[in-house]
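Colleague: First the structure, then my questions, so here it is.
Any read-out appearing in this document is the output of simple, stated calculations on the displayed coordinates, not a laboratory observation. As the structure is a computational prediction, the values presented were derived from the model and not from experiment. Here the Cβ is made from the backbone with ideal geometry for all residues, glycine too, and neighbour counts use every protein chain on show.
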Amino acid sequence: MGIKVVQLNNTPLSLWQAFGRQGGYSAGFATGLLGFIQIYWDPNRQAIQDKVADTLVLKIST
């Protein structure tokens with residue numbers, strides 16, 4: 001898909017953080033999908049699951 005998930009300090013995601021990020025999806029649904037839509041006004045384009053796990057989704061150019 002040409003994307004990569006990394007921590008804010010540009011290190012690979014640990015297993016524990018991956019579980020936390022997955023839990024963030026529940027928070028996104030619990031907020032009435034507002035947690036997913038916030039990427040449109042967040043300066044770092046982070047959804048709620050990214051904020052929970054301190055991650056970014058990067059587009060990898062090919």
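Colleague: To the nearest 20 debye, what is the magnitude of the charge dipole of segment 3-59 about its Cα centre, counting +1 on the Cβ of each Lys and Arg and -1 on the Cβ of each Asp and Glu?
Modeller: Using Cβ point charges on Lys, Arg, Asp and Glu, segment 3-59 gives about 140 debye.
Colleague: Evaluate the Debye formula for the chain with equal point scatterers sitting on the alpha carbons, no solvent, and hand back log10 of I(q)/I(0) at q = 0.13, 0.26 Å⁻¹, in q order, two decimals.
Modeller: -0.33, -1.12
Colleague: Sequence gap at least 6, Cα distance under 8 Å: using those rules, report the relative contact order of segment 13-62 to the nearest whole percent.
Modeller: 37 percent
Colleague: Work out the charge dipole of segment 3-59 with +1 on the Cβ of Lys and Arg and -1 on the Cβ of Asp and Glu about the Cα centre, then indicate which of V5, W41, W16 is farthest towards its positive end.
Modeller: V5
Colleague: Moving on. For the pair Y40 and N9, what calculated FRET efficiency results from E = 1/(1 + (r/R0)^6), where r is the Cβ-Cβ distance and R0 = 25 Å, to the nearest 0.05?
Modeller: Given R0 = 25 Å and the Cβ-Cβ separation, E is 0.50.
Colleague: Let me ask you something else. Please compute the modelled spin-label separation between L58 and W16, points set 7 Å along Cα→Cβ, answer in nm with one decimal.
Modeller: 2.3 nm
Colleague: Return S61, S26 ranked ascending by Cβ neighbour count within 10 Å, so the fewest neighbours appear first.
Modeller: Taking fewest neighbouring Cβ atoms as first place, the list is S61, S26.
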